[in-house]
1. Using a 1.4 angstrom probe on heavy atoms only, work out the carbon and sulfur share of the accessible area of the chain in %.
2. Can you compute 3J(HN,Hα) from phi for each residue in the stretch 55-64, using the Karplus curve 6.51 cos²θ - 1.76 cosθ + 1.60 with θ = phi - 60°, rounded to whole Hz and x for Gly and Pro?
3. Over the chain, with the other protein chains present, what is the accessible area per residue in square angstrom, probe 1.4 angstrom?
4. For Rg and Dmax of the Cα atoms in Å, pick the label among [x] 13.3, 40; [y] 19.3, 59; [z] 14.1, 45 that corresponds to the value derived from the coordinates.
5. Calculate for the chain the 222 nm mean residue ellipticity that helices alone would give, adding -39,500 (n - 2.57) per DSSP H run of length 4 or more and normalising by residue count, nearest 500 deg cm²/dmol.
6. Where Lys and Arg each count +1 and Asp and Glu each count -1, what net charge lies around residue 80 among other residues with Cβ under 11 Å from its Cβ?
7. Once you charge only the Cβ atoms, +1 for Lys and Arg and -1 for Asp and Glu, what is the size of the charge dipole of the stretch 1-80 about its Cα centre, to the nearest 20 debye?
8. Given the options 20, 58, 95, which has the most mean-square fluctuation in a GNM of the chain, springs set between C-alpha atoms less than 10 angstrom apart?
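The values are calculated or read from the model by the stated rules, or taken from the named source; none is laboratory data. These numbers were taken from a predicted model, which means no experiment stands behind them. Ideal geometry is used to build each Cβ from the backbone, glycine not excepted, and the neighbour counts take in all protein chains shown. Calculation scope for accessible area: heavy atoms of the full protein, side chains included, ligands and nucleic acids excluded. Shrake-Rupley method; radii C 1.70, N 1.55, O 1.52, S 1.80 Å.
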Amino acid sequence: MSGTTKDETARTLEAFHRLVNLTPSQLEDWLTSETSKAAGQHKDGGESTGHASGRRIVRLLHTRKADLSDDDLAHLRKGVGYVERHLAQRPGGDVTETTWRHSLMNWGHDPLRGDR
């Protein structure tokens, strides 16, 4: 974490842990579902950006703070930004079975849940 200050790291981790409300095992289980694999933007028919991010988030949730690299912290910031932007775009009505919710869940946030 050489290029990131302690304050920046603390802010990033606080925001990440506030927004990621799925446990690592819940996220792992979700990522195995066909619904998860279908959600999000797919480049060239491959894995969606969010699904790949979810796999990385699982790994990062298991990583000790002291072992996080600058690249890891950048990914956490990317996830925070994604979740915050998409929460601001919440569609009306019941969102239970929407691509909007499923995409957020790929990033570790279920908008229908409270805290872990």
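1. Carbon and sulfur together cover 49 percent of it.
2. Karplus values, whole Hz, x for Gly and Pro: 4, 5, 4, 4, 4, 5, 5, 8, 8, 5.
3. 57
4. This structure yields the entry labelled [z].
5. -17000 deg cm²/dmol
6. With Lys, Arg at +1 and Asp, Glu at -1, the net is +3.
7. 140
8. 95
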